[in-house]
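See below for the structure under consideration.
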Amino acid sequence: MNEPVPSGARALLVLLLSNLVDHPDAVRVLEQERSGAVIFRVSVHPEDVGKVVGRGGRIVKAIRNLVRAAASQEGRRAMVEVGSP
């Protein structure tokens, strides 16, 4: 069952991250299929990791919720993992 990756969820993730960080050209989103879910592995410039994670993880939690909702609109499950290159 090779369904396409939720393009709406990926586009939303890239849009959110690019507008959130100081180095939008350093934003990278890799996609991986695992157990019927799409995992978005996000890497940003090391100076921007704190902006993406937020105080107590609030920002990344909100991003995960938005991406999960966008993917569910397409009948898929999605997860977001954040790191630096």
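Values quoted throughout were computed directly from the atomic coordinates according to the rules given, and no laboratory measurement underlies them. As the structure is a computational prediction, the values presented were derived from the model and not from experiment.
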Have a look at the DSSP beta bridges in the chain and tell me what percent are antiparallel, nearest 5.
50 percent
One quarter of the convex hull surface, Cα atoms only: what value does that give for region 7-83 in nm²?
4.6 nm²
Note the angle between two axes, namely the Cα long axis of helix 7-20 and the longest principal axis of the Cα atoms of the chain, as a number of degrees from 0 to 90, rounded to the nearest 10.
10 degrees
Would you calculate, for the chain, the mean residue ellipticity at 222 nm contributed by helices, counting each DSSP H stretch of 4 or more residues as -39,500 (n - 2.57) and dividing by all residues, to the nearest 500?
-12500 deg cm²/dmol
